[in-house]
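Notes to accompany the following structure.
The values are calculated or read from the model by the stated rules, or taken from the named source; none is laboratory data. Because the structure is a prediction, the values reported are computed rather than measured. With ideal geometry, Cβ positions are generated from the backbone for all residues, glycine too; neighbour counts draw on all protein chains shown.
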DNA sequence: CGACGGGACGC
DNA sequence: CGACGGGACGC
């Protein structure tokens, strides 16, 4: 039957902003199916499947208009990668470009997760967090301050992990905050879009949290803990979702930085196409939990936020006892995770691999380094771990050795060259490193 | 009649 | 790879 509500008047297409979805589906998927699957997320005001003018056949492109941006975002986050019909390829879901914008580039999470707000001048960043955490997991809060006096300008940014959270904040927070989506930072920063420029580097830092201990049940300052939709499922298996296309090698390289991975596979459809989803399994709960806390929301490649969530691994963890065990695992993580059986083998694999890898120009630093220290025994229990993100390319391993191995009692160097990410491990807290701000900035240590 | 909107980040 | 239809109010 002709469905009146399939119509979308042009003036409503982008009202409110970001309330319309762009879908890529199998050509066999009808608007009825789309409506059925998407109306659970909110008020669907229109569904339109783009068809060939002559053949009337679907082109595999559809639009779904919701009443609210939060509904559209939630649907996008939930439905991206799902199959609408048995045997059809997984769909892709994006926020549609506004019809006037003329661009056909995907709208990235980067543009949908940060809000810009007006706040009382007396607000601290803690006040900001406390006020806005009710709408979702906050990744990052800043108050814009006068650089010389340090006084607040009464404006701030809040970065959430998910577009739906930012949308919910904008829709529901007090009007006095004037919450809107923040313009991406790069847009304002001159015409310098060089990959090597500092404008790009914003994406690299702070995604993993500066404090290696800032995760888990005992830390009230951590916002990376479970949210309302991923519930409290904790398993050894993770699902990684990426909007940008990533290779299995990249995902492997990234998640293998955390010891204990015993399985990593990209989900592919029958055509062998990359779905942007991967399943990772670790041999212990702690590694999986840690990997999720550290890598959920991590931008890889820069600008592309990975979503990492636990998925069923077939074991029952729903009982109260199971939950308590889970918390115990989280609390004891730092002392247990790092002694996985794979660590030494991988170190060997790495250290034989890098020297034959591409010869790079020598890197130099004028940072003054602390005095030489002894290496900790290789079998030391690891207490602290550092993620180092490089842009645009990773440093050779021997340079890292010079910088880190000699300045602290570092025990291990693990490297994900394909991911431009390295991990270093310490048997104790490396306070010297904290003090070395130049080093932190230069290397984008997360 | 009757109270809104602009503002923008850092190496 | 994957980006924009069809139809035409009612004073």
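For segment A:129-165, a tally of residues being closer than 22 Å to residue A:293 by Cα and crowded, with 18+ Cβ neighbours inside 10 Å returns 16. Please work out which residue is modelled with the lowest pLDDT, limiting yourself to segment A:1-11 and to residues that are in contact with a strand residue (DSSP E or B) (Cβ under 7 Å, 6 or more places away or on another chain) and not in a loop (DSSP other than H, G, I, E, B). Only one residue fits best here, namely A:5.
Taking the numbered list (1) modelled with pLDDT under 95; (2) touching a helix residue (DSSP H, G or I) at 6+ places or on another chain (Cβ under 7 Å); (3) within 16 Å of DNA strand C (Cβ to nearest atom) in turn, residue A:82 passes all entries but (2).
Restricting attention to segment A:89-110, does a residue exist that is within 16 Å of residue A:136 (Cβ to Cβ) and not in a helix (DSSP H, G or I)? Checked segment A:89-110: no residue is within 16 Å of residue A:136 (Cβ to Cβ) and not in a helix (DSSP H, G or I). Do the conditions hold for residue A:149, that is, is it assigned to a helix (DSSP H, G or I) and more than 11 Å from DNA strand B (Cβ to nearest atom)? Considered against the rule, which asks whether it is assigned to a helix (DSSP H, G or I) and more than 11 Å from DNA strand B (Cβ to nearest atom), residue A:149 comes out as no. One residue stands out in segment A:102-122 among those that are surrounded by fewer than 19 Cβ atoms within 10 Å (Cβ to Cβ) and within 16 Å of DNA strand B (Cβ to nearest atom): the one that is nearest to residue A:244 (Cα to Cα), namely A:108.
Residues in segment A:139-158 that are in contact (Cβ under 8 Å) with a residue 24 or more places away in the chain and touching a helix residue (DSSP H, G or I) at 6+ places or on another chain (Cβ under 6 Å) were compared, and the one that is farthest from residue A:182 (Cα to Cα) is A:143. Report whether or not residue A:38 is touching a strand residue (DSSP E or B) at 6+ places or on another chain (Cβ under 7 Å), under 30 Å from residue A:130 (Cβ atoms) and either buried (at least 16 other Cβ atoms within 10 Å of the Cβ) or free of Cβ contacts under 8 Å to residues at least 12 places away in the same chain (or both). So residue A:38 fails the test. With respect to (1) at pLDDT below 75; (2) farther than 25 Å from residue A:139 by Cβ; (3) in contact with a helix residue (DSSP H, G or I) (Cβ under 9 Å, 6 or more places away or on another chain); (4) in a loop (DSSP other than H, G, I, E, B), the lone exception for residue A:271 is condition (3).
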